[in-house]
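First the structure, in the form of structure tokens, and then the observations on it.
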Amino acid sequence: MYRAGAIGEAMALMNEAEQSIKADPSKATALQTISMAYNMARLQEATGDLKNAQHMYRNLVQQFPGYIDCYLRLSAMAKAAGAMAEAQHWAAQATQQAGGHVDAQAMLATLHMERGDLNAARECVGKVGAEGSKDPYMLLTHANVVMAALPADKSARSPADKTRRDHIYKALNIYREVLKQQPDNIYAVNGLGTCLAELGHMAAAKQTFDEVGQGASGVLLVLCWLLNIVLGWWRLACAM
């Protein structure tokens, strides 16, 4: 119900479940109780009760330091509030938990990128290993970091610059890998549109951005066709 947008109904059911468990704790395992507490915090966040949600997330990480999703929610909430140092603190805390967690590294990389520290962002991307590098969230973050490293100087933005083109094609290919796993990922579609615009394919880029505004589902077949053409041009240029 929460994912369907029926937040009020979800909250009512969650409150009912909590009362039932308080009356008879044997109705839920310890893991189920912890999961319910996290879901209640998510509902509080969705209803705009951010202070209470933050309090609940903090309580959960104090009791269960390995609960990475709570760190990530605290980081996301701090970022949304413009508290970037706090957001980075919580994301860094998440990376220190067992396994380094791909989502945590991706979150921290994004925060580094947004404050202009691309070297730190690249380090986060490089820490996830071969398996983690295939995660769609990390792939998306990696592509965004590649695009963020493009020269800002207008004089360096010529499509004829091979080094620059290779950089853009690298990002384009990574965004395409995201879409293979998540065909409706609007962020990846938007990234592809940016790549097309940077390469000078303005009509294709405009079509892509128009589709992002309407949802990604209608663009995929056309986009795959456009990508095959663009990549074909690139391989031909490299072979010459």
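Just by accessible area at a 1.4 angstrom probe, what is the order of Asp161, Asp184 from largest to smallest?
Descending order: Asp184, Asp161.
Please list the three semi-axes, largest first and in whole Å, of the ellipsoid equivalent to the stretch 32-100, using sqrt of 5 times the eigenvalues of its alpha carbon gyration tensor.
That gives 18, 17, 8 Å for the three semi-axes.
Lysine pairs, Cα distance under 20 Å, 8 or more residues apart or cross-chain: how many in the stretch 35-180?
Count of close lysine pairs: 7.
With the crude spin-label approximation of a point 7 Å out along Cα→Cβ, what separation in nm comes out for Lys162 versus Arg58?
Simple spin-label model gives 5.7 nm for this pair.
The values are calculated or read from the model by the stated rules, or taken from the named source; none is laboratory data. The shown structure was predicted, so the numbers you read here are calculated from the model rather than taken from an experiment. For neighbour counting, all protein chains shown are included, and Cβ atoms are generated from backbone atoms with ideal geometry for every residue, glycine included. The accessibility values were calculated without ligands, DNA or RNA, using every heavy atom of the protein model including side chains. Shrake-Rupley method; radii C 1.70, N 1.55, O 1.52, S 1.80 Å.
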